[in-house]
Amino acid sequence: MQISKDKFQLVGTHLTDAEKISKPSLSFWKDVFVRFKKNKLAIFGLVLLIILIIMAIAGPHMTPYDYATNDLSNKNKAPSSEHWFGTDDLGRDVFTRTWEGARISIFIGVAAALIDLFIGVLWGGISGYKGGRTDEFMMRLADVLYGVPYLLLVILLMVVLGQGLGTMILAMTITGWINMARIVRGQVLSLKSQEYVLAAKTLGASTSRIMAKHLIPNSMAPILVTMTLTIPNAIFTEAFLSYLGLGLTPPLASWGTMANDGLPALRYYPWRLFFPATFICLTIFAFNVVGDGLRDALDPRLRK
Amino acid sequence: MAKCIGKRLLYMLISLWLIITATFFFMRIAPGNPFTSEKKLPPEIEANLNAHFGLDKPWYAQYGDYLLRILKWDFGPSFKYKAQTVNDLISEGFPVSAALGLEAILLAVAFGIILGIIAALKHNKWQDYTAMIVAVLGISVPSFIMATFLQYFLAIKMGIFPVARWESFMHTVLPAIALGSTPMAFIARLTRSSMLEVLSNDYIKTAKAKGLSSGVITVKHAIRNALLPVVTYMGPLTAGILTGSFVIEKIFGIPGLGSHFVTSISNRDYTVIMGVTVFYSILLLLSILLVDIAYGIIDPRIKLAGGKKGE
Amino acid sequence: MKKRLSVLFSMLLVLSMFLAACGGNDNAGNDNGGDKDGSKSDVPQELRVNINSEPPSLHPGLAKDSTSGTVLRQTFEGLTRIGKDGKPIEAAAEKIEVSEDQKVYTFTLRDAQWSNGDPVVAKDFEYAWKWALDPNNQSEYAYQLYYIKGAEAANTGSGSMDDVGIVAKDDKTLEVTLENPTPFFLELTAFYTYLPINSKIAEANKDWANDAGENYTSNGPFVMTEWSHSDKIVLEKNDTYWDKDAVKLEKIEMIMINDPNTELSMFDNGELHWAGAPTGALPTDAMQALKDDGRLITKPIAGIYNYKFNTTVEPFNNANIRKAFTFAINRQEIIDNILQGEQLPAQAIVPPTMFPENEEGYFADNDAEKAKEYLQKGLEELGLKDVSELPAITLSYNTSEGHQKIAQAIQDMWKQNLGVEVTLDNQEWAVFLDKMHSLDYQVGRMGWLGDFNDAINFLEMYRDADGGNNDTGWESKKFQDLLAQSAVETDAEKRQQLLKDAEAVIMDEMPVMPIYFYTENWVQADNLKDVVISGLGDVQYKWAYFE
């Protein structure tokens, strides 16, 4: 079939039309935020975290009890309208203690994770990127620190600095960053031979720019996953140290110490374990899905 | 390659020496000594004890003696357990801990990787969510709670497994699960996240375009590259698990090496502390070396220090 | 790479095959000797108990803890043993003669053999005791032998071993000379440091005590046939024992589980015939339930749990302050709610098993009024206006669930009754001991279990300020004199009174705060009979049997 030439008309182009982009431009972080919002599970996790933090701040004020006063005649009572989460073996209200403990556990978890993040990422990143002797030296130093018996280090720290929250956090971060450093180093080792790194180097980018703009963001996935393991690890290491007498002094409580105390009573007074353990699970779950959401949101390849 | 390994072994020895020295030093500064007991010992008896064990010599002499002994693989007698030497303690405890550890690692690696792969392949579908919930449970329930739960429900209430001790294969199941649950969960998550990364790479698209089935793609291309972080994690994990877990061994009454790591420090049993530290460090450094070698096999682009190219 | 996946899958397959194959494996337990309805003569006489942890040493001269003591008491026999009524009876010694001045004991041994046939001779006792006293052997419990003439000098290197008052006159006669009349000496000869050693084997082979085997011979009711380190110990009836007809158990298996919950679970499962003291421990959270079931058995023993005051620092250098703190706590409440083991509140420092009047003690429990009075007096003496001017006070204890709970309760009581805020200081064991011994604390927890059934054991530790178990920095001339007099007093009643007077001196100055007297709590299989537990809390299985 023949189509006549006059059926076609020259439309021409407007200069300005050529510049029009089909969707509004966003900055990198705004883009991340938008994508994060779309992830239902991640939003759920974020909301959960916010609720937990609010409860940690407000929870202890919601009851007439305080976390330290003993009431021996009321010990080991099941949850009831007077004691929403029941009482422990010294008659203290579990609800109040759970939220006091939340403050300490969440704080320890986040602090340890952040410190591990900074030290670990820097150490592993530099070590992996530089390679050669620097890599060898830095990794071996990390190995030595890892090999010395941890408990000895903690005991010495306790003796020198006294017991307390600050010493605890220090004790947990002496060796906590090493795992992160190793994982980051591994990633960097495999990424640095990619073409875009070569390109950046050729263009004259400095090491810190290459690290900050290329290598680290592309290692975000294992970094985030490792961070979501650091938090529960920190909570449980604190529980373990307290169990050995190197951690928090009573009547201070953390979820870890409450779980320690509640564990032998599992058969008889299960609520003493149930509440702290459930909240630990919920918190970790929340951090995990938020972490996953962040990872998905940050991954440029999943961009639509 | 051989030169590379040789150099690494040398560095390992140096690291080992540094660990021994640091531990020796820290051990001596800590307050207390092997003879600290409820009853304060009269000075003459304490002097006697110190002389017998060579603790009255100047610290550099003790240090030198100790290093020589290690070269002969003789860790000395235990201060607390008079009937045994440290070598005895290690040779009795290690096989038990190692057997338990291996079981736990097999469980963790097998189930972890499979779970992670399934989750990544079915990203954001119900399989992904289920797998990740299982993983989160594994991470957020610490091994001692998991151990007590398993013991209470499966052994005491339901009687499927024995309650404690180390006598038959059935005795090993619960402790292995308790020990392996957290590593399994972590390996699952690591696998999933790196698989997701790998799957969105161009060469996977190429393979699909070439018409390869997803099974072949997964196995031949994806897994290998996704395993890098898992392998990194497994290095120190292996050394740690093989030398035993204090809490699990206590709850299940298993005569392994784990308890010695903790009790030797409370007892200030110097020789045992040094012995288990040296032993553990050797295992640790070896497994890290293996991990680095594995890097080279998995991802040929990685050139290690001391290899053909420096950077 | 298909290989990789198939390797993974085959590993899984192998794993699941194991699980399936061993599904038929019998669950250990339930077929053990705890059956009540087995026919009477067929009830296996095999006992399974938990001894909690690996004994540091099974050499009588080196043992210094109760786990080692438990095993040694079944395999060795001393000159005497503590009988079912709590009094020492002749064991390896057939006849015992005491001199007029109560300083020379002559033991005539009965005919008995070691498990390998060697005769038990007086030299075995002399060898064993002198071995422990030899400073080169580093026996930390050698001090138990110091009641013997010349023993302390020999052990501390200031005297010769030949001057020690232990002489084997011939194969059957042992003559022991003491420093002072010691009315409880026959209790001591039942203690594990006084057990004999097969001198023939020991002289030839100094490592004889490191393992079970032909060098580890026993003269007691049982022989150790297996010692699997950190795992279990197996004892079997000793056929060469002189009193073997009284021994009904054929075998005792001692496992080592260090977790009270696991121990109780194994007992409930039938895998153990005994859970709890003296060899193991019961979880505190289970006590109420066990009491309600009527299964819990309780026995008071000679032991005390107390808090020591560092009398060299403020404010505890003042006796009234010490008394104030001591009177201000409610012991019964702690016992009922935290310990739950029917312990006795302690208002004295010698247990009621030795001084029955101490069930009442020197003062009333929970006397807040008196406490406040003493506090006022103390504050005045120190020149302080009120409690807020007191220096900061720390309560130290070593890590353990029990100590922690008690400390928290007492911290609260002091706050309520005296208005004093005390901080808790939870320390690791070795660090804690170090601080206590060097007087680097203010109030610290300590306990004491009697070694033998005499009040002096609870009093003499406070005689010298630098005594090994004192740790308070307190001493008193009056107290020392009373103890010295009691040492040479031959009349039993007068001696008791001297000791009572000494106790009164301590209670007046209160360098320690007594809290409660120990009890032992356990559950046992219903058909297990005649396990004898002495007033000191140690156990003997010689006469035990299953009905």
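Under 6 Å by Cβ, and 6 or more places apart or on different chains, what pairs join a residue from region A:266-288 that is closer than 16 Å to A:Arg92 by Cβ and more than 10 Å from chain B (Cβ to nearest Cβ) with one that is of a type in the set (Asp, Glu) and in a helix (DSSP H, G or I)?
none
Among the residues of region A:46-67, is there at least one that is within 14 Å of another protein chain (Cβ to nearest Cβ), touching a strand residue (DSSP E or B) at 6+ places or on another chain (Cβ under 7 Å) and touching a residue at least 12 places away in the same chain (Cβ under 8 Å)?
Looking through region A:46-67, at least one residue is within 14 Å of another protein chain (Cβ to nearest Cβ), touching a strand residue (DSSP E or B) at 6+ places or on another chain (Cβ under 7 Å) and touching a residue at least 12 places away in the same chain (Cβ under 8 Å).
Going by the structure shown, is C:Asp471 crowded, with 20+ Cβ neighbours inside 10 Å and assigned to a loop (DSSP other than H, G, I, E, B)? Talk me through it step by step, then tell me what you get.
Values: crowded, with 20+ Cβ neighbours inside 10 Å: yes; assigned to a loop (DSSP other than H, G, I, E, B): yes.
Yes.
Which of the residues that make up region A:239-265 are within 14 Å of chain C (Cβ to nearest Cβ), assigned to a helix (DSSP H, G or I), out of contact with any Lys or Arg (no Cβ under 7 Å at 6 or more places or on another chain) and not hydroxyl-bearing (Ser, Thr, Tyr)?
Those that are within 14 Å of chain C (Cβ to nearest Cβ), assigned to a helix (DSSP H, G or I), out of contact with any Lys or Arg (no Cβ under 7 Å at 6 or more places or on another chain) and not hydroxyl-bearing (Ser, Thr, Tyr): A:Ala239, A:Phe240, A:Leu241, A:Ala259, A:Asn260, A:Leu263, A:Pro264.
Would you confirm whether or not region C:303-319 contains a residue that is part of a helix (DSSP H, G or I) and under 29 Å from A:Asp261 (Cβ atoms)? Give the derivation first.
So in region C:303-319, the residues part of a helix (DSSP H, G or I) come out as C:319.
With under 29 Å from A:Asp261 (Cβ atoms) added as a condition, the list becomes none.
No; the residues of region C:303-319 include none that is part of a helix (DSSP H, G or I) and under 29 Å from A:Asp261 (Cβ atoms).
Looking only at region C:415-437, filter to residues that are in a loop (DSSP other than H, G, I, E, B) and more than 14 Å from chain B (Cβ to nearest Cβ); which one of those is surrounded by the most Cβ atoms within 10 Å (Cβ to Cβ)? Quick ask: steps written out before the conclusion?
Taking region C:415-437 and keeping what is in a loop (DSSP other than H, G, I, E, B), we get C:419-421, C:428.
Remaining after also requiring more than 14 Å from chain B (Cβ to nearest Cβ): C:419-421.
Values: C:Gly419: 14, C:Val420: 19, C:Glu421: 13.
The extreme case among them is C:Val420.
Looking at region B:18-41 only, could you name the residues that are touching a residue at least 12 places away in the same chain (Cβ under 8 Å), part of a helix (DSSP H, G or I) and not polar (S, T, N, Q)?
Looking only at region B:18-41, we keep the residues that are touching a residue at least 12 places away in the same chain (Cβ under 8 Å), and these are B:19-21, B:23-24, B:27-28, B:30, B:32-36.
Now narrow it down to the ones that are part of a helix (DSSP H, G or I): B:19-21, B:23-24, B:27-28.
Of everything in region B:18-41, those that are touching a residue at least 12 places away in the same chain (Cβ under 8 Å), part of a helix (DSSP H, G or I) and not polar (S, T, N, Q) turn out to be B:Ile19, B:Ile20, B:Phe24, B:Met27, B:Arg28.
Here are C:Asp440, C:Asp454: which of them is assigned to a loop (DSSP other than H, G, I, E, B) and surrounded by 21 or more Cβ atoms within 10 Å (Cβ to Cβ)?
Working: C:Asp440 fails: surrounded by 21 or more Cβ atoms within 10 Å (Cβ to Cβ).
The unique qualifying residue is C:Asp454.
Select, from C:Ala153, C:Ala190, the only residue that is outside any loop (DSSP other than H, G, I, E, B), of a type in the set (A, V, I, L, M) and at pLDDT 90 or above. Lay out the reasoning, then the answer.
Numbers: C:Ala190 fails: outside any loop (DSSP other than H, G, I, E, B).
Only one candidate qualifies: C:Ala153.
Kindly indicate whether any position in region B:76-88 is assigned to a helix (DSSP H, G or I) and either more than 9 Å from chain C (Cβ to nearest Cβ) or closer than 30 Å to C:Gln427 by Cβ (or both). Spell out the reasoning first.
Taking region B:76-88 as the starting set, the residues that turn out to be assigned to a helix (DSSP H, G or I) are B:86-88.
After this cut, where a residue has to be either more than 9 Å from chain C (Cβ to nearest Cβ) or closer than 30 Å to C:Gln427 by Cβ (or both) as well, the list is B:86-87.
So far as region B:76-88 goes, yes, one or more of its residues are assigned to a helix (DSSP H, G or I) and either more than 9 Å from chain C (Cβ to nearest Cβ) or closer than 30 Å to C:Gln427 by Cβ (or both).
How many residues does region B:197-245 contain that are loosely packed, with under 15 Cβ neighbours inside 10 Å and at the interface with chain A (Cβ under 10 Å from one of its Cβ atoms)?
Of the residues in that region, 3 qualify.
On the basis of being within 14 Å of chain B (Cβ to nearest Cβ), without any contact (Cβ under 8 Å) to a residue 60 or more places away in the chain, basic (Lys, Arg) and surrounded by fewer than 22 Cβ atoms within 10 Å (Cβ to Cβ), does A:Arg103 make the cut? Explain how you work it out, then say what you get.
Numbers: within 14 Å of chain B (Cβ to nearest Cβ): no; without any contact (Cβ under 8 Å) to a residue 60 or more places away in the chain: yes; basic (Lys, Arg): yes; surrounded by fewer than 22 Cβ atoms within 10 Å (Cβ to Cβ): yes.
Against the criterion (within 14 Å of chain B (Cβ to nearest Cβ), without any contact (Cβ under 8 Å) to a residue 60 or more places away in the chain, basic (Lys, Arg) and surrounded by fewer than 22 Cβ atoms within 10 Å (Cβ to Cβ)), A:Arg103 does not qualify.
Which ones in region A:196-213 are under 22 Å from A:Met138 (Cα atoms) and either part of a loop (DSSP other than H, G, I, E, B) or within 11 Å of another protein chain (Cβ to nearest Cβ) (or both)?
Kept after step one, since they are under 22 Å from A:Met138 (Cα atoms), are these residues of region A:196-213: A:206-212.
Across region A:196-213, the qualifying residue is only A:Ser206.
Just checking, which of A:Leu156, A:Leu122, A:Leu151, A:Leu165 is surrounded by fewer than 19 Cβ atoms within 10 Å (Cβ to Cβ), at the interface with another protein chain (Cβ under 9 Å from one of its Cβ atoms) and either closer than 27 Å to C:Lys435 by Cβ or touching a helix residue (DSSP H, G or I) at 6+ places or on another chain (Cβ under 9 Å) (or both)?
On the way: A:Leu122 fails: at the interface with another protein chain (Cβ under 9 Å from one of its Cβ atoms); A:Leu151 fails: surrounded by fewer than 19 Cβ atoms within 10 Å (Cβ to Cβ); A:Leu165 fails: at the interface with another protein chain (Cβ under 9 Å from one of its Cβ atoms).
Being surrounded by fewer than 19 Cβ atoms within 10 Å (Cβ to Cβ), at the interface with another protein chain (Cβ under 9 Å from one of its Cβ atoms) and either closer than 27 Å to C:Lys435 by Cβ or touching a helix residue (DSSP H, G or I) at 6+ places or on another chain (Cβ under 9 Å) (or both) holds for just one of A:Leu156, A:Leu122, A:Leu151, A:Leu165, which is A:Leu156.
When you check A:Ile216 against the structure, is it more than 14 Å from chain C (Cβ to nearest Cβ) and within 24 Å of the chain's Cα centre (by Cα), yes or no? Steps first, please.
Numbers: more than 14 Å from chain C (Cβ to nearest Cβ): yes; within 24 Å of the chain's Cα centre (by Cα): yes.
When the stated conditions are applied, A:Ile216 passes them.
Restricting to region C:264-304, and then to whatever is among the polar types (S, T, N, Q) and more than 27 Å from C:Gly450 (Cβ to Cβ), can you tell me which residue is surrounded by the most Cβ atoms within 10 Å (Cβ to Cβ)?
Within region C:264-304, the match that is surrounded by the most Cβ atoms within 10 Å (Cβ to Cβ) is C:Ser265.
Quick one: which strands (runs of 3 or more DSSP E) sit completely within region C:211-281 and have at least 2 residues that are free of Cβ contacts under 8 Å to residues at least 24 places away in the same chain and within 14 Å of chain B (Cβ to nearest Cβ)? Before the answer, list the steps.
Working: elements: C:222-228, C:232-237, C:251-255, C:274-276.
Strands (runs of 3 or more DSSP E) meeting the threshold: C:222-228.
Taking region A:179-195 as the search range and keeping residues that are within 7 Å of chain B (Cβ to nearest Cβ) and free of Cβ contacts under 8 Å to residues at least 12 places away in the same chain, which one is farthest from the chain's Cα centre (by Cα)?
Among them, the one singled out is A:Ser193.
Specify the residue that is surrounded by the fewest Cβ atoms within 10 Å (Cβ to Cβ); the eligible residues are those in region C:29-59 that are more than 12 Å from every other protein chain (Cβ to nearest Cβ) and modelled with pLDDT of 90 or more. Spell out the reasoning first.
Pass one, region C:29-59, residues more than 12 Å from every other protein chain (Cβ to nearest Cβ): C:31-47, C:49.
Subsequent filtering for residues that are modelled with pLDDT of 90 or more retains C:45-47, C:49.
Details: C:Gln45: 15, C:Glu46: 17, C:Leu47: 25, C:Val49: 24.
Checked region C:29-59; the qualifying residue surrounded by the fewest Cβ atoms within 10 Å (Cβ to Cβ) is C:Gln45.
The values are calculated or read from the model by the stated rules, or taken from the named source; none is laboratory data. Remember, it's a predicted structure, so these values are computed and weren't measured experimentally. For neighbour counting, all protein chains shown are included, and Cβ atoms are generated from backbone atoms with ideal geometry for every residue, glycine included.
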